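Some notes on the structure that comes next.
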Amino acid sequence: MQKRAAAKCPYISTIFLSTKDDIPTAVEAMRPGAIEFLTKPFRDNELVSAVREALERSLLPVVKKAEKQALQRCYAALSPRQRQVMALVSLGFFNQQVGGELGISEITGKAHRGQVMRKRGADSLADLVRMAAMLGLAKRREATMLGGHADFAA
């Protein structure tokens, strides 16, 4: 039953409660992903602790998905030029290089970068790079470079 549940809902954590107190049974339970194996009788605080950990682990993928969806919404709100600037800056391009690549002045590139950081809520360049990585912008940029296209809109 645990194997089927793990296959259908891998984000849900499993806690095993058993009367068997032997290593093979514990290993069999832990192998498909149980986070805890408690043998009866167990203390209430052990179960409460295991349930807390299970909830935290189960929520993590949901939180990550929500964060990525929020990033995607913010990214969609950027202008095409701002998307280009974000992609280049996240790859390590300096303002002057961004300007040269896009045929705009360094100052205009810097202004676009500032707008992107404000819209994205990035406090630093590192934040912006982390957000771009979560969106897969570097991979998209590399693919367009390999294809010989100068499309940075991702």
- Query: Looking at GLU36, is it assigned by TED's automatic domain parsing to the domain that holds THR14 and in contact with a Phe, Trp or Tyr (Cβ under 8 Å, 6 or more places away or on another chain)?
  - Reply: yes
Does LYS119 meet the test of being loosely packed, with under 15 Cβ neighbours inside 10 Å and either in a helix (DSSP H, G or I) or among the basic types (Lys, Arg) (or both)? no
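This table checks each residue for (1) part of a helix (DSSP H, G or I); (2) under 30 Å from ALA133 (Cα atoms); (3) at pLDDT 90 or above.
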site: LYS20; (1), (2), (3): no, no, no
site: PRO32; (1), (2), (3): no, no, no
site: SER49; (1), (2), (3): yes, no, yes
site: ARG73; (1), (2), (3): yes, yes, yes
| field | Qualifying residue in region 43-54 (condition: over 30 Å from GLY114 (Cβ atoms), within 21 Å of the chain's Cα centre (by Cα) and surrounded by 13 or more Cβ atoms within 10 Å (Cβ to Cβ)) | value | yes
Within region 1-17, the residues that are polar (S, T, N, Q) and either over 16 Å from VAL51 (Cβ atoms) or assigned to a helix (DSSP H, G or I) (or both) are GLN2
Apart from one, (1) outside the structural domain of ALA132 (by TED's automatic domain parsing); (2) over 21 Å from ARG130 (Cα atoms) all hold for GLU106; the odd one out is (1)
In region 99-116, anything over 25 Å from ALA70 (Cβ atoms) and either of a type in the set (A, V, I, L, M, F, W, C) or not in a helix (DSSP H, G or I) (or both) is listed as LEU102, GLY103, ILE104, SER105, ILE107
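The values are calculated or read from the model by the stated rules, or taken from the named source; none is laboratory data. What you see is a predicted model; the values in this text were computed from it and never measured. Neighbour counts run over all protein chains shown; Cβ positions are idealised from the backbone, glycine included.
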